[in-house]
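Written below as structure tokens is the structure these notes are about.
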Amino acid sequence: MTRKPIEKGIFVFAETVNGTVTDVVFELLGKARELAAQLDVSVTAVMAGDGAFTPWKQLSAHGADYIVLVKNPALSQYLTLPCVRALAEAVRLCSPEIFLFGATPIGRDLAPRLSARLSTGLTADCTGLEIEDGSGHLLMTRPAFGGNLMATIICADHRPQMATVRPGVMVKQINEAAQDAQLTVLDVNIPDSDARVEILESASNPPARRSIREAKVLISGGRGMGSQKNFSQLERIADLLGGTIASSRAAVDIGWQTKDRQVGQTGQTVRPDVYIACGISGAIQHLAGMEESGFIVAINKDEAAPILGVADLGIIGDVMTVLPALEEALRAETVF
Amino acid sequence: MKIIVCVKQVPDTTEIRLDPVNGTLIRDGIPSVMNPDDKAGLEQALRLRESVGGDVTVLSMGPPQAEVMLREALAMGADRAILLSGRAFAGSDTLATSSALAAAIRKLDYDLIITGRQAIDGDTAQVGPQIAEHLDIPNVSYAEQVTPIDGGIIVKRSFEDRYQIQRVMFPCLITALGELAHPRYMTPGAIFDAYRVHTIEQWSDGDIEADAKRLGLGGSPTRVKKSFPKSTKPAGVVTRAEGRQAADIIVAKLKERFLI
């Protein structure tokens, strides 16, 4: 099969951290494939780095026709100015129609600065991307007003059309039989004027629990759990279901859970197979982060709790009686 | 240290409710507040001034009502407040907003610019880095901690699951996380002064060095094509149950769906 030309195609920023491609990149490639088929153009994964890390197979299998590695020793770790220069150079050479980024702490720093350098539009935190019939413009849909409303944005007269996309929203497509992407290495000059920020130290935050975006089953607790201690009940149920625990913003604000557990507009968007909301009333900001879950169970004392409106199964009842019984019932299920 | 803090007046989105009948936004009676990340940035600026000296200017682009928020910034301790307002700025997207703010900042002296990471009405996190690009100064986003050094700052830059300690020399811009600094309360005396002693400087497009083509709707590459309430999915099953009975219903449903 012949490749479409690299020019005027779809660019996906291949964000990497410590020798790993960030997961959202594969989700973006999956979406880019879909859009590229409609526009009849190619998909290019663009990476900035020192050349030590070569995830070409992975990027090919997830949908890249081309890979552009913009290379310079100064790009070994992410810094805003060198990376903006690297990507601007790739854009100059290939004139992409569309440029997609993960809405990560890197993408949300890099993409705005790049959009200003290129004098083009950028739409943040998209949850939907489609091609408009006729015009071929990218329709970028995102939550607005704290998730209260959806807005569809277009960038008609400037290119590339840039968007950041929230992790966990698009779906990966894997094709192990895909032909290898064609690699182009672009050596770029990074002037001293780009070295105005210096990294003195890098460290991980105390981590260790599984990311709530990766879990297939999430047991999520809110203010209605009553105390931090009661979250251990959720941990035990999560273990039985092979899942992990999550929480509402309220439970994070009180200090019962850490920020990495938070689902919602100011936390993370999740799409597990099963989401069990325990003592969560369901503020719009919370619903925005979980309503795409496969199967939603909500347990809440208050029959007026908005969470019951999005639940596939709603239990009006006290988490303090339901959860111990649920743990027991699940234990009985998994005995044999 | 000369510091400029960019602040935005936003509707308190946690107070917004949807009309249950037609799914539209009920905007009436929603209080306006200083954007929380911006307020944390202002607090950080005031602390830097208290530790090393200097002055703090707050700058906002918005309608005349934003004056109330700037008075609040003065009552917290800002030295000077500028409101950039006028028809020329109407319909601005983030790029046009950043162009206007950068053009206003060019008229001022500064070592450090602080913006909030993002505003709760738009949640884009774009305007800060874009201002830095227009001014050709370095930016550090997602600042969680700031320490002054001679001629610059040391910033703890958050990446959610990890962080970096970065050094950046002046002039530079940082975007503040809400966690950066817990805002102080206004004192009655300071509130009085904010209304009786200070004035809010009103600037229009004529007062800044901006290319008119880069402002307002005409300077905005993006347009809102449509906005709509979220689609609601068909209602699920809701039952009243406690203890064992509830557990059995949940387990049965999960089995039915082959989820356990």
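The values are calculated or read from the model by the stated rules, or taken from the named source; none is laboratory data. None of the values given here were measured: they were computed from a predicted structure. With ideal geometry, Cβ positions are generated from the backbone for all residues, glycine too; neighbour counts draw on all protein chains shown. Side chains are part of the model used for accessible areas, which takes the heavy atoms of the whole protein and leaves out ligands, DNA and RNA. Shrake-Rupley method; radii C 1.70, N 1.55, O 1.52, S 1.80 Å.
Looking at the range A:134-157, which of its residues are on the phi > 0 side of the Ramachandran plot and not aromatic (Phe, Trp, Tyr)?
A:134, A:136, A:146, A:147
Go through the range A:233-261 residue by residue and tally those that are in contact (Cβ under 8 Å) with a residue 40 or more places away in the chain, farther than 13 Å from residue A:210 by Cβ and not basic (Lys, Arg).
Summing the residues that are in contact (Cβ under 8 Å) with a residue 40 or more places away in the chain, farther than 13 Å from residue A:210 by Cβ and not basic (Lys, Arg) in the range A:233-261 gives 4.
Of the residues B:179, B:160, B:242, only one is within 10 Å of another protein chain (Cβ to nearest Cβ), among the acidic types (Asp, Glu) and within 22 Å of residue A:81 (Cβ to Cβ); which? Talk me through it step by step, then tell me what you get.
Values: B:179 fails: within 22 Å of residue A:81 (Cβ to Cβ); B:242 fails: within 22 Å of residue A:81 (Cβ to Cβ).
After ruling out the rest, the residue left standing is B:160.
Which of (1) surrounded by fewer than 20 Cβ atoms within 10 Å (Cβ to Cβ); (2) modelled with pLDDT of 95 or more is the odd one out, the single condition residue A:219 does not satisfy?
Failing condition for residue A:219: (1).
When you go through A:200, A:183 one by one, which is the residue that is within 9 Å of chain B (Cβ to nearest Cβ) and either open to solvent by 50 Å² or more (accessible area, probe 1.4 Å) or of a type in the set (Ser, Thr, Tyr) (or both)? Break it down into steps so the answer makes sense when it comes.
Values: A:183 fails: within 9 Å of chain B (Cβ to nearest Cβ).
A:200 is the lone residue from the list that is within 9 Å of chain B (Cβ to nearest Cβ) and either open to solvent by 50 Å² or more (accessible area, probe 1.4 Å) or of a type in the set (Ser, Thr, Tyr) (or both).
When you go through (1) at pLDDT 95 or above; (2) among the β-branched types (Val, Ile, Thr); (3) touching a helix residue (DSSP H, G or I) at 6+ places or on another chain (Cβ under 7 Å); (4) closer than 28 Å to residue B:123 by Cα one by one for residue A:276, which number turns out not to apply?
(3)
Of the numbered conditions (1) more than 7 Å from every other protein chain (Cβ to nearest Cβ); (2) open to solvent by 40 Å² or more (accessible area, probe 1.4 Å); (3) of a type outside the set (Gly, Ala, Ser), residue B:230 fails exactly one; give the number of that condition.
(1)
Return yes or no: is residue A:246 at pLDDT 90 or above, touching a Leu at 6+ places or on another chain (Cβ under 6 Å) and away from every other protein chain (no Cβ under 12 Å)?
Details: at pLDDT 90 or above: yes; touching a Leu at 6+ places or on another chain (Cβ under 6 Å): yes; away from every other protein chain (no Cβ under 12 Å): yes.
Yes; evaluated as a whole, the condition is true for this residue.
If residue B:147 meets every condition in (1) more than 28 Å from residue A:144 (Cα to Cα); (2) open to solvent by less than 60 Å² (accessible area, probe 1.4 Å); (3) at pLDDT 95 or above apart from one, which number is that one?
Failed condition: (2).
In the range A:4-26, which residues are among the acidic types (Asp, Glu) and either over 25 Å from residue A:38 (Cβ atoms) or buried (at least 16 other Cβ atoms within 10 Å of the Cβ) (or both)? Walk me through how you get there before you give the answer.
So the first thing to find is which residues in the range A:4-26 are among the acidic types (Asp, Glu), and the list is A:7, A:15, A:23.
Answer for the range A:4-26, where residues must be among the acidic types (Asp, Glu) and either over 25 Å from residue A:38 (Cβ atoms) or buried (at least 16 other Cβ atoms within 10 Å of the Cβ) (or both): A:15, A:23.
I need the full set of residues from the range A:39-50 which are buried (at least 21 other Cβ atoms within 10 Å of the Cβ) and either in contact with a Ser or Thr (Cβ under 7 Å, 6 or more places away or on another chain) or assigned to a helix (DSSP H, G or I) (or both), in order please. Talk me through it step by step, then tell me what you get.
We begin by selecting, within the range A:39-50, every residue buried (at least 21 other Cβ atoms within 10 Å of the Cβ); these are A:41-49.
Result: A:47, A:49.
Consider the range A:109-125. How many of its residues are part of a strand (DSSP E or B) and either over 19 Å from the mean Cα position of the chain (by Cα) or at pLDDT below 95 (or both)?
Residues of the range A:109-125 part of a strand (DSSP E or B): A:122-125.
Subsequent filtering for residues that are either over 19 Å from the mean Cα position of the chain (by Cα) or at pLDDT below 95 (or both) retains A:125.
Matching residues across the range A:109-125 total 1.
Failed condition for residue A:53, given (1) hydrophobic (A, V, I, L, M, F, W, C); (2) more than 22 Å from residue A:8 (Cα to Cα); (3) crowded, with 17+ Cβ neighbours inside 10 Å, with all others met?
(3)
Restricting the search to the range B:91-123, which residues are open to solvent by 30 Å² or more (accessible area, probe 1.4 Å), of a type outside the set (D, E, K, R) and touching an Asp or Glu at 6+ places or on another chain (Cβ under 9 Å)?
Correct list: B:120 only.
Working only within the range A:79-101, note down all residues that are within 12 Å of chain B (Cβ to nearest Cβ) and touching a Leu at 6+ places or on another chain (Cβ under 8 Å).
Our first condition is that a residue be within 12 Å of chain B (Cβ to nearest Cβ); within the range A:79-101, this holds for A:79-85, A:88, A:101.
Answer for the range A:79-101, where residues must be within 12 Å of chain B (Cβ to nearest Cβ) and touching a Leu at 6+ places or on another chain (Cβ under 8 Å): A:80, A:82, A:83, A:84, A:88, A:101.
How many residues are farther than 26 Å from residue A:178 by Cβ and touching a strand residue (DSSP E or B) at 6+ places or on another chain (Cβ under 8 Å) if we restrict to the range A:46-102? Write out each step before concluding.
Kept after step one, since they are farther than 26 Å from residue A:178 by Cβ, are these residues of the range A:46-102: A:50, A:72-85, A:88-89, A:92.
With touching a strand residue (DSSP E or B) at 6+ places or on another chain (Cβ under 8 Å) added as a condition, the list becomes A:50, A:72, A:75-83, A:89.
Number of matching residues: 12.
For residue B:179, state whether it is over 18 Å from residue B:69 (Cα atoms), touching a residue at least 12 places away in the same chain (Cβ under 8 Å) and among the charged types (D, E, K, R). Reasoning before the result, please.
Values: over 18 Å from residue B:69 (Cα atoms): yes; touching a residue at least 12 places away in the same chain (Cβ under 8 Å): yes; among the charged types (D, E, K, R): yes.
For residue B:179, the condition - over 18 Å from residue B:69 (Cα atoms), touching a residue at least 12 places away in the same chain (Cβ under 8 Å) and among the charged types (D, E, K, R) - is met.
Of (1) open to solvent by 40 Å² or more (accessible area, probe 1.4 Å); (2) closer than 22 Å to residue A:191 by Cβ, residue B:212 satisfies all except one. Which?
Against the list (1) open to solvent by 40 Å² or more (accessible area, probe 1.4 Å); (2) closer than 22 Å to residue A:191 by Cβ, residue B:212 comes up short only on (2).
Being away from chain B (no Cβ under 13 Å) and touching a strand residue (DSSP E or B) at 6+ places or on another chain (Cβ under 7 Å) is the filter here, so list the residues in the range A:186-197 that pass it. Lay out the reasoning, then the answer.
Quick first cut of the range A:186-197, residues away from chain B (no Cβ under 13 Å) only: A:186-190.
A:186, A:187, A:188, listed by residue number.
The rows are residues; the columns are (1) more than 18 Å from the chain's Cα centre (by Cα); (2) of a type in the set (Ser, Thr, Tyr); (3) open to solvent by 30 Å² or more (accessible area, probe 1.4 Å); (4) modelled with pLDDT of 95 or more.
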{"position": "A:137", "(1), (2), (3), (4)": "yes, no, yes, yes"}
{"position": "A:145", "(1), (2), (3), (4)": "yes, no, yes, no"}
{"position": "A:149", "(1), (2), (3), (4)": "yes, no, no, no"}
{"position": "A:159", "(1), (2), (3), (4)": "yes, no, yes, yes"}
{"position": "A:173", "(1), (2), (3), (4)": "no, no, yes, no"}
{"position": "A:176", "(1), (2), (3), (4)": "yes, no, yes, no"}
{"position": "A:179", "(1), (2), (3), (4)": "yes, no, yes, no"}
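For the range B:100-142, enumerate the residues that are at the interface with chain A (Cβ under 8 Å from one of its Cβ atoms), touching a residue at least 60 places away in the same chain (Cβ under 8 Å) and not in a loop (DSSP other than H, G, I, E, B).
Listed by number, the residues that qualify are B:127, B:128.
Please state which one of A:236, A:210 is within 25 Å of residue A:168 (Cβ to Cβ) and open to solvent by 40 Å² or more (accessible area, probe 1.4 Å). Talk me through it step by step, then tell me what you get.
Numbers: A:236 fails: within 25 Å of residue A:168 (Cβ to Cβ).
On inspection, the qualifying residue turns out to be A:210.
It is to be established whether one or more residues within the range A:69-76 are closer than 23 Å to residue B:219 by Cβ and either of a type outside the set (D, E, K, R) or more than 10 Å from chain B (Cβ to nearest Cβ) (or both). First the steps, then the outcome.
Looking only at the range A:69-76, we keep the residues that are closer than 23 Å to residue B:219 by Cβ, and these are none.
The answer is no, given that none of the residues of the range A:69-76 is closer than 23 Å to residue B:219 by Cβ and either of a type outside the set (D, E, K, R) or more than 10 Å from chain B (Cβ to nearest Cβ) (or both).
Given B:223, B:167, B:196, which one is open to solvent by 40 Å² or more (accessible area, probe 1.4 Å) and away from chain A (no Cβ under 13 Å)?
On the way: B:223 fails: away from chain A (no Cβ under 13 Å); B:167 fails: away from chain A (no Cβ under 13 Å).
Going through B:223, B:167, B:196 in turn, the sole match is B:196.
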